[in-house]
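One structure below.
The values are calculated or read from the model by the stated rules, or taken from the named source; none is laboratory data. None of the values given here were measured: they were computed from a predicted structure. Glycine gets a Cβ as well: all are built from the backbone with ideal geometry, and neighbour counts include every protein chain shown. SASA here: full protein model, heavy atoms, side chains in, ligands and nucleic acids out. Shrake-Rupley method; radii C 1.70, N 1.55, O 1.52, S 1.80 Å.
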Amino acid sequence: MRRQFSSYAIGALSLAAIASIPAQAADNAAIKEKASVCSGCHGENGISQTENIPSLAGQPDQFLQWQLVFFRAGSRKNDQMQPIVEGISNEDIRNFGAYFAQLTPPKGPEDDDPDLSKKGAQVAVGRRCASCHLDTYAGTKAVARLAGQREEYLVKALRDYKAGQRVGGGVAAMADVAYHMSEEEITAVSHYLAHLK
């Protein structure tokens, strides 16, 4: 627990240092070119076509920055992300956050199981998801956008939080919420959020 807190503190200090530097208007074409390394997994224009890989388009700027800082600090682990983030600068992190945040978010697919979505909506209300992720589930500041995210990725993220395998902004809140969720609730709420328009 102490090691996890230490990694979290290092990440927080890194993000504070990044946020204290005034953002400059960067050349969007240059940022897009740098961000092309992300499209191999996260999809063209930040919309993932790959199982268990999240879409980045439309995610809040600060949320994306936090995740990159956590990956770079090693407090959030992923074999594919680690070698990519090791060499990115604070400026890259700011630019990637701003770039993906301004892209059009993915639209949820047609709902093939409205009854499951109805159950998922009840879970979302019961677990008070909107209190952090907003009523539209579009996220804000350092809180993730959930609407239209890949369904199996949402399931994976909730399972990771439940098992204590994922850290990030609001980790205490998410771990507490997910820990008490049943597998049925995780499945239902993920389906509901993924299909939101």
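With a ≥ b ≥ c the root eigenvalues of the C-alpha gyration tensor of segment 119-192, is it rounded (a/c under 1.5), prolate (a/b larger than b/c) or oblate?
Here segment 119-192 falls in the rounded category.
Taking all protein chains in place and a 1.4 Å probe, what share, in percent, of the accessible surface of segment 87-191 do carbon and sulfur account for? Walk me through the numbers before you get to the answer.
Values: 2930 of 5390 Å².
Carbon and sulfur together cover 54 percent of it.
Rolling a 1.4 Å sphere over the protein heavy atoms, what is the accessible area per residue of segment 40-197, to the nearest Å²?
50 Å²
For Ala173 and Lys34, FRET efficiency with R0 = 22 Å and r from the beta-carbon atoms, rounded to 0.05? Walk me through the numbers before you get to the answer.
Working: r = 32 Å, r/R0 = 1.46.
So the FRET efficiency works out to roughly 0.10.
Using the Cα gyration tensor of segment 67-163, with a ≥ b ≥ c the square roots of its eigenvalues, what is the shape: rounded (a/c below 1.5), prolate (a/b larger than b/c) or oblate (neither)?
prolate
Accessible area, 1.4 Å probe, largest first: how do Tyr137, Tyr192 sort?
Output order, biggest surface exposure first: Tyr192, Tyr137.
Please give the length that would be gained between Gln122 and Glu91 if that part of the chain were fully extended, namely 0.36 nm times their separation in residues minus their C-alpha to C-alpha distance (nm, one decimal).
Full-extension gain reported as 7.1 nm.
Calculate the FRET efficiency for His180 and Cys41 from the Cβ-Cβ distance with a Förster distance of 35 Å, rounded to the nearest 0.05.
After rounding, the FRET efficiency stands at 0.65.
Any chance you could check the Cα centroid distance between segment 69-128 and segment 30-61 for me, in angstrom?
Taking the Cα centre of segment 30-61 as reference, the centre of segment 69-128 is 10 Å away.
Among the listed pairs Lys156/Lys197; Lys107/Lys162; Lys34/Lys77; Lys32/Lys119; Lys32/Lys118; Lys119/Lys141, which are separated by more than 30 Å between their Cα atoms?
Those over the limit are Lys32/Lys119; Lys32/Lys118.
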